[in-house]
Amino acid sequence: MTAPQPSAVARHYRQGDLRRKIDEALDRLYPGHTALTTDDLHGVDEFHTGGHAATRELAEHLELRAGLRVLDVGSGLGGPARHLAQHAGADVTGVDLTEEYVDVARWLTDRVGLTGRARFQQGDVTALPFPRASFDRAWMLHVGMNIEDKARLFTEISRVLTDEGLFIVYDVMLLGNPALVRYPLPWASEPEHSFLAHPQEYRSRLRRAGFDIVAEHDHRLQAVQSLRGAGGAHHRTSTPHNPAGGDTPPAPISVAMGTDASTKVAKVLQNIEEGLLAPTEMICRRR
């Protein structure tokens, strides 16, 4: 199997009018209100299983303090990066392959008043445009499934981290026969563009890149609970602040995932429940 061209991955995520769709969804949820908080965006800007609840838990494992430099690898629409900037006082830089996602991430960051504390740029995460030791921490949330060359990915992240810097991987990993995995999935509509790997491959690649794995957590239980609660259509993991009052939910993830969002979420749940896939966290420290 050959790796997809970057344009193929970008095409999977690109919609062309994503900003307009999100803007319309936010206007429907919060009519007449231009002031939004990061809480109002949780349903639209955090694609990983477990949503914002998982973001909070993973952030605790980064051992952050104000002023630390954090790299968000494959930052998507920027929700996790904004969480780190707002709640931990970190200085966050996000890199994502899809230019449209980077543009929307910047726009949403400006809308919640975090411009300057969370920055985003388009780029290839296997060829990071930063000098050595540029960051104290790094994380990637559901990114490796789109990247075949994980050795190069982890070597690049190791290069830009300081000595003893923490790196968290939170990916959907392969447990069973890849031929049995059902598609479409949020990161790939067909297996040719999906590069799932077993946890032992992650461990081996990480160690060769200069990381010690200090902890590992299987998040299947939390993922199943979250995905079942989503009803296969919306990814709602918390009750947001609602500037309009009442119990209006956050913007649904289907806005960003497209019209087949419910099918993709249902397939993820099915694959996890059948023991084929597992959202897995690895906490690593650079040697």
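The values are calculated or read from the model by the stated rules, or taken from the named source; none is laboratory data. Everything numeric in this text was worked out from a predicted model, so none of it was measured. Neighbour counts run over all protein chains shown; Cβ positions are idealised from the backbone, glycine included. In case anyone asks, the SASA skips ligands and DNA or RNA and just uses the protein heavy atoms, side chains included. Shrake-Rupley method; radii C 1.70, N 1.55, O 1.52, S 1.80 Å.
What is the local net charge at Y202, summed over the other residues whose Cβ is closer than 10 Å to its Cβ (Lys, Arg +1; Asp, Glu -1)? Don't skip to the end; give the middle numbers.
Details: positive: K150, R203, R205, R207; negative: D171, E201, E216.
So the environment of Y202 carries a net charge of +1.
In the frame of its principal axes, the chain has Cα extents of 53, 44, 33 Å, reported largest first.
Simple rule: put +1 on each Lys or Arg Cβ and -1 on each Asp or Glu Cβ in segment 60-151, find the dipole, and look at V125, A66, A85; the Cα lying farthest toward the positive end is A66. When only alpha carbons are used to place a centre, segment 84-119 and segment 207-223 end up 25 Å from one another.
Once a ≥ b ≥ c are taken as the square roots of the eigenvalues of the Cα gyration tensor of segment 1-103, is the result rounded (a/c under 1.5), prolate (a/b larger than b/c) or oblate (a/b not larger than b/c)?
Working: a/c = 1.96, a/b = 1.06, b/c = 1.85.
Cα axes put segment 1-103 in the oblate bin.
Looking at the chain, the accessible area is 41 square angstrom per residue; that uses a 1.4 Å probe and ignores ligands, DNA and RNA. When the chain is described by a simple charge dipole with +1 on each Lys and Arg Cβ and -1 on each Asp and Glu Cβ, the residue from T49, L206, I22 located farthest towards its positive end is L206. Rounded to a whole number, what % of the accessible area of the chain do carbon and sulfur atoms account for, probe 1.4 Å? Here it works out to 47 percent.
Here the Gaussian network model covers the chain, with springs between Cα atoms less than 10 Å apart; of R28, R152, R106, R28 fluctuates the most.
About the Cα centre of segment 46-168, how large is the charge dipole given +1 on each Lys and Arg Cβ and -1 on each Asp and Glu Cβ? Please answer in debye to the nearest 20.
300
When Lys and Arg each count +1 and Asp and Glu each count -1, what net charge do the other residues less than 9 Å away from P184, Cβ to Cβ, add up to? Computed value for this residue: +1. Note on K21: no aspartates and glutamates have a C-alpha under 12 Å away, same-chain residues under 8 apart excluded. Suppose we keep just the DSSP beta bridges with both residues in the chain; what percent of those would be antiparallel, to 5? Percentage antiparallel, nearest 5: 45. In a simple Cβ point-charge model (Lys, Arg +1; Asp, Glu -1; nothing else charged), the chain has a dipole of about 400 debye relative to its Cα centre. Normalised by the number of residues in segment 18-176, the average gap of Cα pairs under 8 Å and 6 or more apart makes the relative contact order 21 percent.
Normalised by the number of residues in the chain, the average gap of Cα pairs under 8 Å and 6 or more apart makes the relative contact order 25 percent.
Each Lys or Arg adds one and each Asp or Glu subtracts one; over the other residues with Cβ under 15 Å from the Cβ of D96, this totals -2.
Only helical DSSP H runs with n ≥ 4 go in: add -39500 (n - 2.57) per run for the chain, normalise by residue count and round the 222 nm mean residue ellipticity to 500 deg cm²/dmol. Before the final figure, lay out the partial values.
On the way: 11 runs with 106 residues, N = 287.
That comes out to -10500 deg cm²/dmol.
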